[in-house]
Structure formats: structure tokens, C-alpha cells
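In what follows, a structure is listed as C-alpha cells, so that the remarks can point back to it.
The values are calculated or read from the model by the stated rules, or taken from the named source; none is laboratory data. Keep in mind it's a predicted model, so treat the numbers as computed, not measured. Note that each Cβ is placed from the backbone with ideal geometry, even for glycine, and that neighbours are counted across all protein chains shown. For accessibility, only protein heavy atoms count, side chains too; no ligands or nucleic acids. Shrake-Rupley method; radii C 1.70, N 1.55, O 1.52, S 1.80 Å.
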Amino acid sequence: MAQQYGRFRALINTGKSREEIMAAMQISIATYYRYQKMYQELEGAEQSITGTQTMGQFRIMQWVQKNYGNSVKVKFSGRNAATLYEKQGGQLQVQYDPEKKEIIIKKVKSFEIYK
């Protein structure tokens, strides 16, 4: 099981989607969620990735929660990219770089950036 979990961890860290991981490992959705729970516990994840499809989206949501809480709306535009929308109309495009494991701000339009 440790070897199987190691493979799951490697796939999730490369930003593979739930469906891609299940297909690559030939596992059921129940097994996927069991490994996901282990991943969250072992990696110290602060929130569930149930509502996200990729690790990049999960990392973006973690960053948003840390910096903006619930004050912005997030719309994913890809596996590792999203646009954040403020109520005042500001927009911020962000991208998760899986190699560097960091969030990159791509484009700002009337958006107050917190660091």
C-alpha cells in the first residue's frame, strides 16, 4: 500500500486530475478518496481538494484562502490557472507553477494585492 500511495502522491503533485489519477492507477473513486485523505493528513493540507480537480487548483485555493479569505470569487481557467474577481470589479490572474511549487501573479486589473 505504501508503494501505491507513493505513486498517488507523485501523480497528485504533478497536477494530474482525479480522473487521470484513477485511470493511471486503475483505482476506484473510493480508493482515490482514501488516498486523498491520507495525502491531506500526511502533507498537512488545510482544506479539502474535493471541489478542485487538480493539485494546481488546490494550491491556488489554498493561496486565495490565506491571502483573501472569502472576499474574492475564483474561476479556474485551466489545470494550474485561475482568475480572481473582487466585488469592486478588479481581476487578478494567477498560475500555479508545479516545478517551483509557487503561485505566480500573471495579470492585474484594478486589484489590491496582499502579500
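Here's the picture: a label point sits 7 Å out from the Cα of residue 65 along the beta-carbon direction, and within the stretch 1-42 the residues with their amide nitrogen under 13 Å of it are 40-41. Kindly flag which residue pairs out of 73/107; 37/106; 16/100 have an alpha-carbon separation exceeding 20 Å in this structure. Among 73/107; 37/106; 16/100, the Cα-Cα distance tops 20 Å for 37/106.
Using the Cβ of residue 84 as centre and a radius below 9 Å, the other residues enclosed give a net charge of +1, where K and R count +1 and D and E count -1. Surface listing: 92, 11 arranged by accessible area from highest to lowest gives 11, 92, probe 1.4 Å. In the list (i) 15.2, 49; (ii) 13.8, 45; (iii) 17.0, 51, the label attached to Rg and Dmax of the Cα atoms in Å as derived from the coordinates here is (i).
With all protein chains in place and a 1.4 Å probe, the accessible surface of the chain carries 47 percent carbon and sulfur. For the pair residue 34 and residue 108, the difference between a 0.36 nm per residue extended length and the Cα-Cα distance amounts to 22.8 nm. Rolling a 1.4 Å probe across the protein heavy atoms gives the chain an accessible surface of 62 Å² per residue.
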